[in-house]
Amino acid sequence: MNDSFVAANGLNGIGMTSQRTRDRLIARLQDQGIRNYEVLEAIRSTPRHLFVDEALAHRAYEDTALPIGHNQTISQPYIVAHMTELLIEGGPLDRVLEIGTGSGYQTAILARFAKEVYSLERIKALQEKARKRIRALKIHNVVFRYADGSVGMKDKAPFDGILAAAAPSDVPQELLDQLSVGGRLVIPIGEREQKLYRITRTEDGFQREFIEDVRFVPFRSGLR
Ligand code: SAH
């Protein structure tokens, strides 16, 4: 397939969603310290422009969060890549729980690294769109649930990885309880000033590592 065929058939996106634009994003992530080749490859080959409204598609390969409606945002590619790295560094991922499906973009990336991904979202309209996108991309190892993520997903626990895409003011105990031994929770904590942590369950407790300062949408309780 030559380049013009690919462009004409929309397989690779055109203009601002072209392969060259995507490669520039990968270079930027590398500059920012993302080293894991498989993570970079997952970002390179996941069509982020399909996870935002068409009007924003031309900005999909910028390294920024973008609005997805309902006062929520699709996460910045750097943070998606970094959180994914933090989860997979600790060992193989059988089951992963994601809190805050949003657009489904992080879900699509996680689905490459875990056998099963369970993704919770409290805004029905966002969940439905995400489900359609994941189905259109023929990703089959994701289960979506419309639920408040603060209680996790007890019936599928324990998880080797839990990733939260919204920031609570404190670590929800239920999420810690649902980690397997060796499992890790990657979560932003705080209100105005948020900090990203990786918390690993050990034989005799939890080990907490501060990762970096971050900005996420707030973690909210209840359904909408
Ligand atoms: N990684 C996602 C980020 C979406 S923004 C993406 O790239 O698209 C965070 C999402 O978390 C929002 O959709 C918000 O509705 C959801 N959220 C916030 N608090 C939640 C909770 N308690 N339970 C489930 N989802 C929650």
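The values are calculated or read from the model by the stated rules, or taken from the named source; none is laboratory data. On a predicted model such as this, the values are computed, not experimentally measured, just so you know. Quick reminder, even Gly has a Cβ in these numbers, built from the backbone with ideal geometry, and neighbours come from all protein chains shown. Just so you know, the surface numbers come from the protein's heavy atoms only, side chains and all, with ligands and any DNA or RNA stripped out. Shrake-Rupley method; radii C 1.70, N 1.55, O 1.52, S 1.80 Å.
The figure for Val96 is an accessible area of roughly 0 square angstrom, using a 1.4 Å probe on the protein chains alone.
Taking label positions 7 Å along the Cα-Cβ direction at both Ala125 and Lys154, the computed distance is 3.2 nm, reported to one decimal. Based on alpha carbons, the Rg and Dmax found for region 65-214 are 14.1, 43 Å. From helices alone, the chain scores -8500 deg cm²/dmol at 222 nm; the rule is -39500 (n - 2.57) for each run of n ≥ 4 DSSP H residues, then divide by the residue total. Comparing Leu137, Leu179, Leu86 in a Gaussian network model of the chain (Cα springs below 10 Å), the most mobile by mean-square fluctuation is Leu137. Largest mean-square fluctuation among Asp204, Asp94, Asp213, in a Gaussian network model of the chain whose springs join Cα atoms under 10 Å apart, belongs to Asp204.
Pairwise Cα separations in region 58-125 fall into 10 Å bins from 0 onward with the following percentages, short to long: 20, 51, 27, 3. Springs join every pair of Cα atoms under 10 Å in this Gaussian network model of the chain, and among Arg208, Arg184, Arg131 the largest mean-square fluctuation is at Arg208. Could you compute the longest span of the chain free of GluC sites (Glu not before Pro) located in DSSP loops and having at most 14 other Cβ atoms within 10 Å, not counting the site residues? Result for the longest clean stretch: 90-190. For Glu38 and Asp177, a Förster radius of 25 Å and the Cβ-Cβ distance give a FRET efficiency of 0.25, rounded to the nearest 0.05. Here the label points at Lys132 and His70, each 7 Å from Cα along the C-beta direction, are separated by 1.4 nm in the simple model.
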